[in-house]
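Peer 1: Quick one: the structure is below, questions incoming.
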Amino acid sequence: MKLFGPDRQRVGYADQEWSVWVSGMDDIHNKDSLADALEQANELNAVFADLRTRDDSEFSPILYAVVLHYGYAWTQATEHAHRVDCGHPDCGPCSFDRNEPQAGAA
Ligand SMILES: [Zn+2]
């Protein structure tokens with residue numbers, strides 16, 4: 001499973017702009033925004049980290065939460081490396097592109 005890089009694999013759904021994927025459980029939570037997705041991913045990862053420090057034998061496979069953007073693991077740098085809009089509302093370069101008329105956009 002490659003989450004990042006040129007041959008990255010989609011782990012979520014193409015029509016979900018933002019979601020949080022939990023590895024090991026293969027759970028996907030649909031989210032309304034990047035902020036919501038980051039908040040839940042942070043929360044889940046904190047819980048998983050806590051569980052791991054208590055008892056590492058009970059919680060294998062290792063659980064971690066990853067923010068997905070259209071089904072792909074999201075980091076701002078990854079989206080920029082793929083030359084796509086990272087979706088961050090405060091990203092300067094991407095916001096600039098959003099204000100340009102997009103070919104084929106309604
Ligand atoms: Zn950006």
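FYI, it's all coordinate maths here, none of it is from the lab. The shown structure was predicted, so the numbers you read here are calculated from the model rather than taken from an experiment. We place every Cβ from the backbone using ideal geometry, glycine too, and count neighbours over all the protein chains shown.
Peer 1: Enumerate cysteines in the chain without a disulfide-compatible partner, where compatibility requires another Cys Cβ under 4.7 angstrom.
Peer 2: CYS86 - these cysteines have no disulfide-compatible partner (Cβ-Cβ under 4.7 Å) in the chain.
Peer 1: Amide H of LYS31: which non-local residues (sequence gap of 5 or more, or other chain) have their own amide H closer than 5 Å, using H built in the peptide plane?
Peer 2: Excluding prolines and chain starts, which carry no amide H, the hits are TRP18, SER19, VAL20.
Peer 1: Report the residue, chosen from ALA77, ALA35, ALA46, that carries the largest GNM mean-square fluctuation when the chain is represented by alpha-carbon nodes joined by springs under 10 Å.
Peer 2: Most flexible of the set in this elastic network: ALA77.
Peer 1: Which of SER19, THR75, PRO93 sits closest to the plus end of the dipole of the stretch 18-98, meaning its Cα is farthest towards the positive end, when Lys and Arg get +1 and Asp and Glu get -1 on the C-beta?
Peer 2: PRO93
Peer 1: Could you work out the helix-only [θ] at 222 nm for the chain, with each DSSP H run of four or more residues adding -39,500 (n - 2.57) and the total divided by the number of residues, to the nearest 500 deg cm²/dmol?
Peer 2: Working: 3 runs with 34 residues, N = 106.
For the chain, the value works out to -10000 deg cm²/dmol.
Peer 1: Now a separate question. Using the Karplus curve 6.51 cos²θ - 1.76 cosθ + 1.60 with θ = phi - 60°, work out ³J(HN,Hα) for each residue of the stretch 64-79 in order, rounded to whole Hz, and write x for Gly and Pro.
Peer 2: So the Karplus estimates, Gly and Pro as x, are 8, 9, 10, 6, 10, 10, 6, x, 9, 4, 9, 9, 4, 5, 5, 4 Hz.
Peer 1: Nearest 20 debye, what's the magnitude of the dipole of the chain about its Cα centre given +1 on Lys and Arg Cβ and -1 on Asp and Glu Cβ? Don't skip to the end; give the middle numbers.
Peer 2: On the way: 8 positive and 18 negative charges, 72 e Å.
With only Lys, Arg, Asp and Glu charged at Cβ, the dipole is about 340 debye.
Peer 1: Another question about this same structure. Out of residues 5 or more away from HIS88 or on other chains, whose amide H comes under 5 Å of its own, with H placed 1.01 Å from N in the peptide plane?
Peer 2: So HIS88 has HN proximity to no qualifying residue.
Peer 1: Using Cα springs under 10 Å in a Gaussian network model of the chain, which residue among SER95, SER33, SER19 shows the largest mean-square fluctuation?
Peer 2: Judging by the Gaussian network model, the answer is SER95.
Peer 1: To continue, here is another question. So what are the ³J(HN,Hα) numbers for the stretch 10-19, from phi and the Karplus equation (6.51, -1.76, 1.60; θ = phi - 60°), rounded to whole Hz, Gly and Pro as x?
Peer 2: Going residue by residue, I get 6, 10, x, 10, 5, 8, 9, 4, 10, 7 Hz, with x marking Gly and Pro.
Peer 1: Compute the convex hull volume of the Cα atoms of the chain, divide it by the residue count, and report the result per residue in Å³ as a whole number. Numbers along the way, then the final one.
Peer 2: Working: hull volume 12.2 nm³, N = 106.
Convex hull volume per residue, Cα atoms: 115 Å³.
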